[in-house]
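For reference, the structure discussed in these notes is given below.
The values are calculated or read from the model by the stated rules, or taken from the named source; none is laboratory data. Keep in mind that this is a model prediction, so the values were computed, not measured. Every residue, glycine as well, gets a Cβ built from its backbone with ideal geometry; the counts of neighbours run over all protein chains shown.
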Amino acid sequence: MLRGCTHAALAALLMLAACGDNAAPAMPDGGVGPDAGDPDGCRVVTLGEPDFQFNLFGQLTGLRYPVTPNLEGAAADVLRVELYDSTTGGLPPLATGTFDLGAAPDDDLATCQHCVWLSTDDQPDAALGIVYYQAAGSLTLTQVADPIEPVFAGKTSRVVLRRATVTTDGHVQLVDGGDCVAIDGVDFDTAPTPGRSCLSAEDCGNALLEVCDPASNTCGDPQCGEFQSCPDAGQICLTQYHELFQGACYTSCDPRTPAAGCAAPERCIQLGVDPGLGICKTVGGGAVGAACAAEDNATACAIGAVCSSVTSTCAATCAFYDAAPGCPDDRLCSLFGVCEPPTAGSPVALGEACGAGAALADGCGPDGEAFRGVCFGYRPEDPLICERACLGDLGCGVSEFCAVRFTSGLGVCKPLPVCGDGALGEINELCDDGNQVDGDGCSADCQTVEYGVICAQLAPLAVDSIVTGDTAAARDGFMSSCQFGSSRAALFAVTPPGPGRLRLHLTSPTDQTLSLRSACADATSEVACAERANAGATEELVVQITDAAPTALTAMVSGSTLLEEGPFTLSADFVAEDCGDGIIAGNEVCDDSNTTSNDGCRGDCRAIEYDYYCAQAAPLDTSAANTGDTTGAPHLYENSCSNPAGTGPDRLYSYVAPSAGTLSLRLDQGVNDLALAVFDGCGAPAQMTELACSSVVDVEAADVTLTAGQHITIVVDGFSSGSQGPYSLTATFTPQ
């Protein structure tokens with residue numbers, strides 16, 4: 001689980017939110033006024049069934065409850081009971097006990113460890129509006145772990161929450177004269193409930209740890225997942241809750257086949273956008289139009305209908321790719337084979353922009369029978385266009401093909417490629433250079449990339465020179481290991497003059513990839529690849545040349561995807577191997593600007609003197625923060641949890657355990673991308689064993705169990721080669 005970034009992530013989201021003024025707003029139309037029987041004159045709300053609460057990074061932080069009656073606008077209101085563990089900077093480990101919600105640090109959203117607060121008009125990924133924050137009450141934890149785990153239990157007393165604004169850094173400010181909300185005490189316990197009757201995972205005690213067995217409709221352990229297949233060949237593994245890696249085994253079936261293989265009282269229900277793929281679900285009793293709630297294992301509706309997630313009513317099923325899908329006159333067939341109201345999709349025609357209110361994959365292009373199109377755009381900034389939807393050989397005309405756009409296999413219809421038009425087709429072409437001529441790098445039928453021709457005609461890239469180009473007019477058939485999709489590549493031959501450091505720089509207004517090969521036509525000969533910088537920034541690629549007489553290398557510039565093709569500037573510089581010049585080049589493994597030994601780098605620059613750095617390691621302080629800065633420090637060790645392409649400079653700390661016990665380390669790195677590693681002993685890397693490693697965001701944490709007198713080395717490292725900066729490292733030792 002990623003750790004840290006909890007309160008910081010909330011503050012980042014709040015920077016988008018308007019803080020409002022300090023006057024209490026008028027009660028909304030239809031709102032609920034203060035409860036006459038409430039001792040504080042607050043509005044009393046009721047909580048619905050709880051669900052797990054996750055932060056912006058998908059980390060578990062507690063529980064969320066729907067609130068009734070609605071307090072502000074039309075959207076739902078949500079009460080959160082959140083618990084922040086010690087991986088959040090400045091907080092102690094979570095522990096059982098009773099905590100005053102009105103006392104520090106829990107009296108502020110930016111610092112609270114036990115947080116009870118309500119957001120109105122709550123929408124995923126939207127900025128916060130009006131909030132109500134805990135002002136009085138207590139929270140008791142009877143079971144909890146640190147870091148937080150999915151099983152925890154406790155209760156609250158009666159809690160009073162007052163209207164508040166939130167600053168850009170996450171602090172709450174109570175509104176002068178603002179109203180208040182009260183909730184009665186709430187009990188929570190997320191322990192699993194094996195054997196409990198269910199129709200969905202949420203009916204169980206813990207949907208993160210349990211599934212609702214489709215065969216028995218009872219709660220139990222997960223049946224399948226990333227490393228466990230379903231036992232029967234005719235079964236399919238489906239996640240029942242969020243994006244877990246485990247799920248339940250369902251009987252698969254074909255909804256188009258009358259005898260679909262489902263035993264009564266089950267029937268075959270289409271799964272996703274494929275009309276030929278379904279799962280067996282228990283039939284419900286709801287007629288078309290009846291209110292319903294979607295369940296993992298049941299349709300909630302009678303035969304011929306399913307519960308619509310759009311209208312929360314039973315809706316007739318349909319055959320999307322048929323000319324007459326079979327919906328009533330006032331309904332249109334969706335990609336999922338459900339008859340939905342016309343308002344369920346965008347009303348625009350095929351080929352038109354879907355409009356500002358549309359979302360990716362929304363239905364569009366209504367023709368009176370179905371939403372024949374899907375709203376699609378490659379990038380978030382691109383306008384969504386209504387394009388005809390297809391799946392495999394379904395949906396497109398004879399002169400079209402289905403261009404896949406989603407992992408489900410859903411695509412959009414595109415014209416068949418034309419060899420010689422200069423545009424590389426998504427199918428049937430391996431290259432297209434704008435003609436139908438052999439011997440120019442692409443065969444006349446666009447089926448063969450002529451690598452020999454291309455590689456014999458590479459443009460030169462001299463060291464200490466600059467070239468410009470445009471990958472939109474470059475070569476098909478070349479791809480680097482770190483680009484995200486196919487695109488054209490501009491190729492250059494660069495020959496280092498001898499052993500030394502070769503460095504390439506790439507700048508482009510689009511997001512392009514820079515790579516280097518030892519053999520032009522062989523993708524497996526790639527020496528290095530760089531795709532870290534955003535569009536407009538500089539990609540840098542550094543390669544050490546160790547051969548006495550190096551041969552030519554192939555430098556390649558390619559768009560990260562075909563959408564990123566465009567102009568670029570590429571430069572090369574070279575520093576010859578010269579021990580003592582302060583630059584690590586060629587066969588050197590270190591260079592401290594001299595040719596003297598016993599100072600950390602051997603006199604010939606061919607070996608790091610680890611004993612020197614081990615002797616220089618600072619003693620770890622367990623009574624105060626160890627502050628430092630990795631900027632300019634030597635690069636000594638790699639670790640298992642950082643960038644495999646190379647880590648940044650290191651600062652070392654030495655510690656000897658006074659007795660058997662546990663050393664707990666916390667690295668506060670601020671905005672710097674640093675890592676924390678712990679090694680047994682100190683010396684050359686081959687002589688050391690890694691005991692712990694942490695390279696998440698915000699605060700790194702590591703706990704190591706030590707024996708009396710055990711000597712360890714703590715390394716503050718950069719996550720990648722360019723990561724460096726100041727930090728604060730705290731350590732506590734707990735005897736066994």
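Among the residues that make up the range 685-695, is at least one of them assigned by TED's automatic domain parsing to the domain that holds Ala645, under 27 Å from the mean Cα position of the chain (by Cα) and not hydrophobic (A, V, I, L, M, F, W, C)?
Within the range 685-695, the subset assigned by TED's automatic domain parsing to the domain that holds Ala645 is 685-695.
The next check asks that each one be under 27 Å from the mean Cα position of the chain (by Cα); those that pass are 692-695.
Pick out the ones that are also not hydrophobic (A, V, I, L, M, F, W, C) and you get 694-695.
Among the residues of the range 685-695, at least one is assigned by TED's automatic domain parsing to the domain that holds Ala645, under 27 Å from the mean Cα position of the chain (by Cα) and not hydrophobic (A, V, I, L, M, F, W, C), which makes the answer yes.
Quick check on the range 155-175. Is at least one of its residues of a type in the set (Gly, Ala, Ser), exposed (fewer than 15 other Cβ atoms within 10 Å of the Cβ) and either in contact with a helix residue (DSSP H, G or I) (Cβ under 6 Å, 6 or more places away or on another chain) or not in a strand (DSSP E or B) (or both)?
no
Taking the criterion of being of a type in the set (Phe, Trp, Tyr) and more than 19 Å from Arg488 (Cβ to Cβ), would at least one residue in the range 371-380 satisfy it?
We begin by selecting, within the range 371-380, every residue of a type in the set (Phe, Trp, Tyr); these are 371, 376, 378.
From the residues that got through so far, the ones that are more than 19 Å from Arg488 (Cβ to Cβ) too are 371, 376.
Yes: one or more hits.
Residues are listed down the side, and each one gets a yes or a no for (1) among the hydrophobic types (A, V, I, L, M, F, W, C); (2) touching a helix residue (DSSP H, G or I) at 6+ places or on another chain (Cβ under 7 Å); (3) more than 29 Å from Asp51 (Cα to Cα); (4) not in a loop (DSSP other than H, G, I, E, B):
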{"position": "Pro214", "(1), (2), (3), (4)": "no, no, no, no"}
{"position": "Pro222", "(1), (2), (3), (4)": "no, no, no, no"}
{"position": "Tyr241", "(1), (2), (3), (4)": "no, yes, no, no"}
{"position": "Ala248", "(1), (2), (3), (4)": "yes, no, no, yes"}
{"position": "Ser252", "(1), (2), (3), (4)": "no, no, no, yes"}
{"position": "Pro258", "(1), (2), (3), (4)": "no, no, yes, no"}
{"position": "Ala264", "(1), (2), (3), (4)": "yes, no, yes, no"}
{"position": "Ile269", "(1), (2), (3), (4)": "yes, no, no, yes"}
Within the set of pairs 6 or more residues apart or between chains, which connect a residue that is assigned by TED's automatic domain parsing to the domain that holds Asn55 and at negative phi inside the range 218-247 to a residue that is surrounded by 17 or more Cβ atoms within 10 Å (Cβ to Cβ) and not in a loop (DSSP other than H, G, I, E, B) with Cβ atoms less than 9 Å apart? none
Please go through the range 198-217 and give me each residue that is touching a strand residue (DSSP E or B) at 6+ places or on another chain (Cβ under 6 Å) and among the hydroxyl-bearing types (Ser, Thr, Tyr), ordered by number. Ser200
Pairs with Cβ under 7 Å, 6+ apart, first in the range 453-469 and touching a residue at least 12 places away in the same chain (Cβ under 8 Å), second among the basic types (Lys, Arg): Ile454/Arg475
From Asp547, Asp573, Asp599, Asp604, residue being over 24 Å from Thr689 (Cα atoms), surrounded by fewer than 15 Cβ atoms within 10 Å (Cβ to Cβ) and in contact with a Phe, Trp or Tyr (Cβ under 8 Å, 6 or more places away or on another chain): Asp599
Output the residues belonging to the range 237-246 that are at pLDDT 95 or above and surrounded by fewer than 21 Cβ atoms within 10 Å (Cβ to Cβ). Cys237, Leu238, Thr239
Would you pick out the residues in the range 451-505 that are hydroxyl-bearing (Ser, Thr, Tyr) and either assigned to a strand (DSSP E or B) or on the phi > 0 side of the Ramachandran plot (or both)? Ser465, Thr468
Looking at the range 123-135, is at least one residue over 25 Å from the mean Cα position of the chain (by Cα) and under 30 Å from Ser695 (Cα atoms)? no
For the range 657-669 the number of residues that are small (Gly, Ala, Ser) and either assigned by TED's automatic domain parsing to the domain that holds Arg532 or surrounded by 19 or more Cβ atoms within 10 Å (Cβ to Cβ) (or both) is 1
Any chance the range 566-575 includes a residue that's closer than 20 Å to Thr495 by Cβ, among the small types (Gly, Ala, Ser) and at pLDDT 90 or above? yes
Name the one entry in Thr165, Thr120, Thr140 that is more than 24 Å from Ala76 (Cα to Cα) and in contact (Cβ under 8 Å) with a residue 40 or more places away in the chain. Thr140
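Looking at Thr546, Thr513, which is the one that is over 27 Å from Cys605 (Cα atoms) and polar (S, T, N, Q)?
Details: Thr546 fails: over 27 Å from Cys605 (Cα atoms).
Exactly one residue qualifies, and that residue is Thr513.
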Please determine whether any residue of the range 315-322 is under 32 Å from the mean Cα position of the chain (by Cα) and either assigned to a loop (DSSP other than H, G, I, E, B) or within 26 Å of Cys390 (Cβ to Cβ) (or both). no
Among (1) touching a residue at least 40 places away in the same chain (Cβ under 8 Å); (2) closer than 23 Å to Glu49 by Cβ; (3) surrounded by fewer than 17 Cβ atoms within 10 Å (Cβ to Cβ) - the single one Ile148 does not satisfy: (3)
Looking at the range 191-204, can you tell me whether even one residue there is assigned to a loop (DSSP other than H, G, I, E, B), touching a Leu at 6+ places or on another chain (Cβ under 6 Å) and at pLDDT 90 or above? yes
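Would it be correct to say that Gly425 is in a loop (DSSP other than H, G, I, E, B) and modelled with pLDDT under 95? Can you show your working first?
Working: in a loop (DSSP other than H, G, I, E, B): yes; modelled with pLDDT under 95: yes.
Yes: the conditions hold for Gly425.
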Of the conditions (1) in contact with a Phe, Trp or Tyr (Cβ under 7 Å, 6 or more places away or on another chain); (2) without any contact (Cβ under 8 Å) to a residue 40 or more places away in the chain; (3) not in a loop (DSSP other than H, G, I, E, B), the single one that Leu63 does not satisfy is (2)
Which residue is surrounded by the fewest Cβ atoms within 10 Å (Cβ to Cβ), if the candidates are limited to the range 188-206 and must be in contact with a Ser or Thr (Cβ under 8 Å, 6 or more places away or on another chain) and under 18 Å from Gln143 (Cα atoms)? Gly205
Do we find that Gly272 is closer than 26 Å to Ala389 by Cβ and either of a type outside the set (Lys, Arg) or not assigned by TED's automatic domain parsing to the domain that holds Gly392 (or both) in this structure? yes
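Could you list, in sequence order, all residues of the range 274-292 that are among the aliphatic types (A, V, I, L, M) and under 20 Å from Ala248 (Cα atoms)? First the steps, then the outcome.
Taking the range 274-292 as the starting set, the residues that turn out to be among the aliphatic types (A, V, I, L, M) are 277, 279, 283, 287-288, 290-291.
Residues satisfying the conditions are Leu277, Ile279, Val283.
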Tally of residues being surrounded by 20 or more Cβ atoms within 10 Å (Cβ to Cβ) and modelled with pLDDT under 95 across the range 363-394: 0
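Can you go through Glu210, Glu226 and tell me which one is among the acidic types (Asp, Glu), surrounded by fewer than 18 Cβ atoms within 10 Å (Cβ to Cβ) and over 26 Å from Asp108 (Cβ atoms)? Even if it seems obvious, please write down each step before you answer.
Values: Glu210 fails: surrounded by fewer than 18 Cβ atoms within 10 Å (Cβ to Cβ).
After applying the criteria, what remains is Glu226.
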Mind checking which pairs have a first residue in the range 722-734 that is closer than 11 Å to Thr622 by Cβ and among the polar types (S, T, N, Q) and a second that is at pLDDT 95 or above and assigned to a loop (DSSP other than H, G, I, E, B), Cβ under 8 Å, 6 or more apart or different chains? Thr732/Thr622
Taking the range 66-90 only, how many residues are among the β-branched types (Val, Ile, Thr) and assigned to a strand (DSSP E or B)? 4
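What do you reckon, is Ser654 of a type in the set (Gly, Ala, Ser), touching a strand residue (DSSP E or B) at 6+ places or on another chain (Cβ under 7 Å), crowded, with 16+ Cβ neighbours inside 10 Å and touching a residue at least 24 places away in the same chain (Cβ under 8 Å)?
Details: of a type in the set (Gly, Ala, Ser): yes; touching a strand residue (DSSP E or B) at 6+ places or on another chain (Cβ under 7 Å): yes; crowded, with 16+ Cβ neighbours inside 10 Å: yes; touching a residue at least 24 places away in the same chain (Cβ under 8 Å): yes.
It is true that Ser654 is of a type in the set (Gly, Ala, Ser), touching a strand residue (DSSP E or B) at 6+ places or on another chain (Cβ under 7 Å), crowded, with 16+ Cβ neighbours inside 10 Å and touching a residue at least 24 places away in the same chain (Cβ under 8 Å).
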